[in-house]
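Below you'll find the structure, written out as structure tokens, and then a few comments.
The values are calculated or read from the model by the stated rules, or taken from the named source; none is laboratory data. Please read these numbers as outputs of a predicted model, since none were measured by experiment. FYI the Cβ positions are ideal-geometry reconstructions off the backbone, even for glycines, and counts take in every protein chain you see. Ligands, DNA and RNA are excluded from the accessible area calculation, which covers all protein heavy atoms including side chains. Shrake-Rupley method; radii C 1.70, N 1.55, O 1.52, S 1.80 Å.
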Amino acid sequence: MRTPVFAANWKLNHGPTDARAFLQRFISQTPRQSDRTLLFFPPALSVAAVVDAARDRPDLLVGVQNVHAESHGAFTGENSVAMARDAGARAVLVGHSERRHVFGESDEATGKKVRLAVDAHLVPMLCVGETLEEREADATEAVVLRQLTAGLSSLTDTEVASITLAYEPVWAIGTGRTATPQDASSIHAVLRAALRERIGDKAAHVPICYGGSVNRGNAESLLLSPDVDGLLVGGASLDADGWSAITRSAIGR
Ligand code: PGA
């Protein structure tokens, strides 16, 4: 019912020249796979280069890592949903932990961005996740459910069914510390249950990806865990060969 998603979050890496070279190499190693969705989140300045380099591969989709919470106006340095769509993006990360914790993005802003994204026909990948402190205080479920509720607050049930979620425990991002497949599965099940409460059976359509120090060694065991429908990968997506290998992981369904 859900197509597994492999999403590369390049963060502040790979400008247009690198991005083109990456795509060339990646494409040469990665045959089309109709049973999964492949998504690249390059920096905004490299979106056009990735779209262009992937023009003969409609199976490779491009997204932006962030958009502004207003649609236009005097916001120097920002990018809007309409601009992202115009540049060829089809998806947008919203509420990534670095946006929340490094740039101070609020729950309210994530809700606005999700709304704008859906209106612009971009699929929002809403990221939720707890810090180490929150985990140690046994607040994981409360935190991810609060972030989920805020992020989806302005969507209709049908719209909720069209988004993608990512569970990314903050303590696992870029630290080499991964959640165990069991940890990931148990939070994914909590998110799935909350979605079911909100939109009933349509909850089965929403892919829930895991992110946080995913690499070639742990990708398959995560993907084979119940309720883990894909991966959102930072560091291990920066190398074309390595990322190609991860996107060819067994998905067992
Ligand atoms: P990481 O990043 O794979 O480098 O831990 C994941 C992310 O931030 O999306």
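Take the conditions (1) open to solvent by 50 Å² or more (accessible area, probe 1.4 Å); (2) more than 12 Å from the ligand (Cβ to nearest atom); Ser225 misses just one of them, which is (1). Just to be sure before I move on: is Gly217 surrounded by fewer than 19 Cβ atoms within 10 Å (Cβ to Cβ) and within 12 Å of the ligand (Cβ to nearest atom) in the structure I sent? It is false that Gly217 is surrounded by fewer than 19 Cβ atoms within 10 Å (Cβ to Cβ) and within 12 Å of the ligand (Cβ to nearest atom).
Determine if the stretch 81-99 includes at least one residue that is open to solvent by 20 Å² or more (accessible area, probe 1.4 Å) and either within 15 Å of the ligand (Cβ to nearest atom) or under 23 Å from His188 (Cβ atoms) (or both). Yes, there is a match, as at least one residue in the stretch 81-99 is open to solvent by 20 Å² or more (accessible area, probe 1.4 Å) and either within 15 Å of the ligand (Cβ to nearest atom) or under 23 Å from His188 (Cβ atoms) (or both).
Summed over the stretch 15-41, the residues that are out of contact with any strand residue (DSSP E or B) (no Cβ under 7 Å at 6 or more places or on another chain) and either surrounded by fewer than 18 Cβ atoms within 10 Å (Cβ to Cβ) or under 25 Å from Tyr167 (Cβ atoms) (or both) give a count of 16.
Within the stretch 225-237, the set of residues being over 13 Å from Leu39 (Cα atoms), in a loop (DSSP other than H, G, I, E, B) and at pLDDT 95 or above comprises Val228, Asp229. Flag not set for Val128, criterion: open to solvent by less than 60 Å² (accessible area, probe 1.4 Å), under 20 Å from Val228 (Cα atoms) and more than 14 Å from the ligand (Cβ to nearest atom). In the stretch 13-29, the residues that are closer than 15 Å to Val62 by Cα and at pLDDT 95 or above reach residues that are part of a helix (DSSP H, G or I) and of a type in the set (Asp, Glu) with C-beta atoms within less than 8 angstrom, at least six apart or across chains, in these pairs: Arg20/Asp52. Selection over the stretch 131-156 of residues that are part of a helix (DSSP H, G or I) and open to solvent by less than 60 Å² (accessible area, probe 1.4 Å) gives a count of 9.
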